[in-house]
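Structure first, then comments.
Please treat every number below as a calculation from the coordinates, not as lab data. All of these numbers come straight from a predicted model, not from anything done at the bench. Note that each Cβ is placed from the backbone with ideal geometry, even for glycine, and that neighbours are counted across all protein chains shown.
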Amino acid sequence: MSEDTNDNVPSRRRRRFPGISSRTYEHPADRSALVALRKLSGFDTVFKALSGLLPERSLRLLFLSDSVRVGDAQFAHLNAMLRDACYILDLEKVPSMYVTQNPQPNAMCIGIDEPIIVVTTGLVELLDEEEMRAVVGHEVGHALSGHSVYRTILLFLTSLAVKAAWIPLGNVAIMAIVTALREWFRKSELSADRAGLLVGQDLQASMRGLMKIAGGNHLHEMNVDAFLEQAEEYERGGDLRDSVLKILNVLPRSHPFTTVRAAELKKWSETRDYQRIMDGHYPRRDEDKDTSVSDSFRQSAASYADSVKSSKDPLMKLVGDIAGGTADLGGKLRDTFTGKSAHPSDKPSGPDSDPSDGKPEQNGHEEG
């Protein structure tokens, strides 16, 4: 099963990861949240009891009645990819998979008791075999991590927020939960992208798939390096006002921006951690019960600190400056939002003067 049997793709053997824990590929922010939830005594029982209100049976009947179930007789090539992805990530029970008519390229993994994977016709028609393999691995990664439960609740609450919009304060409370879930889910997408790479084991295919999702089926008009340059420009471009606009733009989204996903995945593929996984050194599922919550949070904190330190985003650089005690916060905010520079007479004098005052910001704090 680990060999590709599709005639359109060169057959090759992919590395398998027996007993792999989802901690192996989970983004630090995603992983710390999930580990903390799993360590709470009785959390799963309470959560599923609350989730009993969700129309999961209705969802299953809906896809069964109005979509095409993937199997040996229908979309056989997708079924082979699904079984292969489960084999590589050692997911014992293969989730049900459906293809639904929708020109918008999309895929999701939902379900409370048992995850189901849904892909749209727009996605199937857009991607080639290896790009689609990465997507299937992405969704199997969601299933292995247990993301389908939270994704289902997010869909339910998003719908409920619309219905409760007329209730005073009701929608505000629901949207607060939805916003928090979306923030977590965006991080979980970065985790699932890594799972897709572990399954496909072809970075270029993963990059191409993200480019196509962003720009359509015009691969001859696109370039991976230029696409990644967009992510670099997005991160470093503009001033603090643009940083705020970036936050506002991403808040309503369930997924990170595609250029950001591509850059994050490429960066992870170049790490020592990724190479160790490919060499067979990774956390095992049977060790999950011994995972330390505090260690996980420390890893997340270290990851965030590194992100702030290395980020070229103006807001993150300001945060780093403040943390290092090198920024005149009031002056920087004033100059940024008014477009004015401090008057020479406003400069402090004496032994505590900052010699960098009055210089352009790019000549100040730099990435270490």
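Judged by the gyration tensor of its Cα atoms, with axes a ≥ b ≥ c, segment 78-145 is oblate; a/c meets the 1.5 cut and b/c is at least as large as a/b. Each peptide in 101-111, 81-91 receives the mean, over its residues, of other Cβ atoms within 10 Å, and ordering these scores from highest gives 81-91, 101-111. What is the sum of charges around Cys86, taking Lys and Arg as +1, Asp and Glu as -1, for the other residues whose C-beta is under 9 Å from the C-beta of Cys86? Spelling it out: positives minus negatives among the neighbours equals -1.
Do any of Lys267/Lys289; Lys187/Lys267; Lys93/Lys289; Lys187/Lys266; Lys187/Lys289 go past 26 Å between their Cα atoms, and which?
On the way: Lys267/Lys289 29 Å; Lys187/Lys267 15 Å; Lys93/Lys289 21 Å; Lys187/Lys266 16 Å; Lys187/Lys289 23 Å.
Cα-Cα > 26 Å for Lys267/Lys289; rest within.
Judged by the mean number of other Cβ atoms found within 10 Å, the most tightly packed of the peptides 183-193, 275-285, 117-127, 140-150 leads the ranking 140-150, 183-193, 117-127, 275-285.
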